[in-house]
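This report refers to the structure that appears directly beneath it.
Quick note: the coordinates plus some simple rules give every number you see, no bench work behind them. Computed from a predicted structure; not experimentally measured. We place every Cβ from the backbone using ideal geometry, glycine too, and count neighbours over all the protein chains shown.
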Amino acid sequence: MELQYDEYGAGNPHRLHAHLFAKGLAASGLDSEYGAYLDEAPLEVLMQNNVMSLFGLNRRLRAASLGFHAAFEATSSAPSRKIARGLQRLDFPPEMVEYYTEHVEADSVHEQLAVRTMCGTLIEEEPEQHANVWFGAWAYLHVEDLYGERMLTEWSA
Amino acid sequence: MNQQAPDEHPDVILCPDGPMLLRGEHVIEDEDGKEHSTTRPVSAVCRCGASGIKPWCDGTHKTMRKRPGR
């Protein structure tokens, strides 16, 4: 709940994370409408979203959903710092950079909350879900790896 | 959600080899005497000393060697 509230800007609509991203896109001259670039997204991105939905929409996979989320948060801060630096180097507008600098700080907190208060609590209450948490975490790392490989291949082509 | 005893949600949490989590609103004075207000429901304060956004944690502790005996 604390994590979700932070994603929603702790009650400040200007700090809503989805809003920060939309502002960044608009400032960069990109379309910020929902789904605007759906047809251009690499299939690996859609795969990530589908796996996340699959876990989230099935109660039997709830532990995998938490593991997926925790693995995402735990691998977000340092890359966000690198992305922010890269965007700055490429002269992207401050609004776009801000989305990522916000996540350096926010996801350092979210990582701890997701791992400790969410996954940790679930495993304490339902120890038989332990393997499913790891299944979700590894599933996340796998689809993220596929996306990374795809982008590196395209950039080096 | 069930009502939980207050001590199940501590205000300060020391994460092993990680940051200090602070629940709620606090003002932190850094080494240079500068004050920083928390802006989140929960904030992570750097304990390893290597964060690039001190006083807040930026996850850098994960790239450091663990302290002996841990």
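Got a sec? How would A:155, A:134 order by Cβ neighbour count within 10 Å, fewest to most?
Fewest to most other Cβ atoms nearby, the residues stand as A:155, A:134.
Would you list the membrane-span-like helices of chain A, meaning whole DSSP H runs whose alpha-carbon atoms span at least 30 Å along their axis and whose mean Kyte-Doolittle value is at least -1.0?
A:130-156
Roughly how crowded by other chains is peptide B:48-59, in terms of the mean Cβ count from those chains within 10 Å of each of its Cβ atoms?
Partner-chain Cβ atoms within 10 Å, mean over residues of B:48-59: 4.
Within a 10 angstrom radius of each residue's Cβ in A:78-91, how many Cβ atoms of other chains show up on average? Whole number is fine.
Average per residue, whole number: 1.
If a/c stays under 1.5 just call it rounded; otherwise compare a/b with b/c (prolate if a/b is bigger, oblate if not). Do that for the range B:7-63, with a ≥ b ≥ c from the square roots of the Cα gyration tensor eigenvalues. Mind dumping the intermediate values first?
Numbers: a/c = 2.08, a/b = 1.11, b/c = 1.87.
It comes out oblate by the Cα gyration axes.
Using the Cα centre of chain A as the reference point, and only Cβ charges (+1 on K/R, -1 on D/E), how large is the resulting charge dipole? Debye, rounded to the nearest 20.
About 100 debye.
Residue separation times 0.36 nm, minus the C-alpha to C-alpha distance between residue A:141 and residue A:5: what's the value?
Gain on extension, residue A:141 to residue A:5, equals 46.4 nm.
Cα-based count: Lys pairs in the protein assembly as shown below 23 Å, eight or more positions apart or different chains?
On the way: A:23/A:82; A:82/B:54; A:82/B:62; B:34/B:54; B:54/B:62; B:54/B:66.
For the protein assembly as shown, the number of qualifying lysine pairs is 6.
Using a 10 Å cut-off around each Cβ of peptide B:36-43, what is the average number of partner chain Cβ atoms that fall inside?
Mean shielding by partner chains, rounded to a whole number: 5.
How many angstrom separate the Cα center of the range A:1-77 from the Cα center of the range A:98-147?
Cα centroid to Cα centroid, the span is 13 Å.
Return the loop-located chymotrypsin sites (Phe, Trp or Tyr not before Pro) in the range A:24-58 (DSSP other than H, G, I, E, B) with at most 10 other Cβ atoms within 10 Å of their own Cβ; answer none if there are none.
A:34
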